[in-house]
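This report concerns only the one structure given below.
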Amino acid sequence: MTDDRLNSLLHKVPASRRKVIKGLLIGAFAVPMVTSFPMIEAMAQLSNG
Amino acid sequence: MNIPMSARFAKSANLEINQAPDGYVIYQSDPDRVHFLNMSAAVVLELCDGEHSLQEIIEILQAAYDLDTPPLDDFKASVTNLISEGLIKQCPE
């Protein structure tokens, strides 16, 4: 996927958010997963193992 | 839950979104919950910006990940999950 193609796909997204989305699109597709708990830096580290 | 693919969604207002190496960690104040989204789910959440329909989002996923077919079942399940957890809300038509 070229950068131009990605920019074309994400043309409705403001440039600042587009950069974030491009970062998230790195790697292969995985089934989108949402894991939720009833109740941040420590949590982020935990999610990273 | 039968959601039309023409529907548009936006992120809920009560979210504190933190980027993690493998996706997002989201703190939600009401209800008091924490959510872990993997990278693909984080992309779906980001594209729920009130501008993109579900159809547009799945087309972006298919093209960006170079998939032969759109991941319809997985995508609909993730959207349903995001709705049920209160992370996204449907925009008025």
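The values are calculated or read from the model by the stated rules, or taken from the named source; none is laboratory data. Owing to the predicted nature of the structure, the values given are computational and were not obtained by experimental measurement. Reconstructed Cβ throughout: ideal geometry from the backbone, glycine too, with neighbour counts over all protein chains shown.
Keeping to the stretch B:5-53, report how many residues are under 12 Å from the mean Cα position of the chain (by Cα) and within 8 Å of chain A (Cβ to nearest Cβ).
In the first step, residues of the stretch B:5-53 are kept if they are under 12 Å from the mean Cα position of the chain (by Cα); the result is B:8-12, B:24, B:37-50, B:52-53.
Keeping just the survivors that are within 8 Å of chain A (Cβ to nearest Cβ) gives B:37-44, B:46-47, B:49, B:52.
Residues meeting the conditions: 12.
May I ask you to list the residues in the stretch B:2-26 that are under 14 Å from B:Lys89 (Cα atoms) and of a type in the set (A, V, I, L, M)?
Of everything in the stretch B:2-26, those that are under 14 Å from B:Lys89 (Cα atoms) and of a type in the set (A, V, I, L, M) turn out to be B:Ile3, B:Ala7, B:Ala10, B:Ala13, B:Leu15.
Step by step: first the residues of the stretch A:36-49, then only those that are within 20 Å of B:Ser78 (Cα to Cα) and of a type outside the set (S, T, N, Q), then the one that is modelled with the lowest pLDDT. Which residue is that?
Initial filter on the stretch A:36-49 (within 20 Å of B:Ser78 (Cα to Cα)): A:36-38, A:47.
Now restrict to residues that are of a type outside the set (S, T, N, Q): A:37-38.
Values: A:Phe37: 77, A:Pro38: 82.
Within the stretch A:36-49, the match that is modelled with the lowest pLDDT is A:Phe37.
Go through the stretch B:32-59 and give me each residue that's surrounded by fewer than 18 Cβ atoms within 10 Å (Cβ to Cβ) and more than 14 Å from B:Leu82 (Cα to Cα).
If the condition is that a residue be surrounded by fewer than 18 Cβ atoms within 10 Å (Cβ to Cβ) and more than 14 Å from B:Leu82 (Cα to Cα), then B:Asp32, B:Gly50, B:Glu51, B:Ser53, B:Gln55, B:Glu56, B:Glu59 are the ones that fit.
Pull up the stretch B:19-31, narrow it to residues that are of a type outside the set (Ser, Thr, Tyr) and surrounded by fewer than 15 Cβ atoms within 10 Å (Cβ to Cβ), then point me to the one that is nearest to A:Ser36 (Cα to Cα). Explain how you work it out, then say what you get.
Here is the first cut: in the stretch B:19-31, the residues of a type outside the set (Ser, Thr, Tyr) are B:19-23, B:25-26, B:28, B:30-31.
From what's left, surrounded by fewer than 15 Cβ atoms within 10 Å (Cβ to Cβ): B:19, B:21, B:30-31.
Details: B:Gln19: 16, B:Pro21: 18, B:Asp30: 13, B:Pro31: 11 Å.
Ranking the qualifying residues of the stretch B:19-31, first place goes to B:Pro31.
Answer with yes or no whether A:Met33 is modelled with pLDDT of 85 or more and closer than 15 Å to B:Asp22 by Cα. Reasoning before the result, please.
Details: modelled with pLDDT of 85 or more: yes; closer than 15 Å to B:Asp22 by Cα: yes.
So A:Met33 passes the test.
On the basis of being at the interface with another protein chain (Cβ under 7 Å from one of its Cβ atoms) and over 20 Å from A:Lys19 (Cβ atoms), does B:Asp68 make the cut?
Numbers: at the interface with another protein chain (Cβ under 7 Å from one of its Cβ atoms): no; over 20 Å from A:Lys19 (Cβ atoms): yes.
So B:Asp68 does not fit the description; no.
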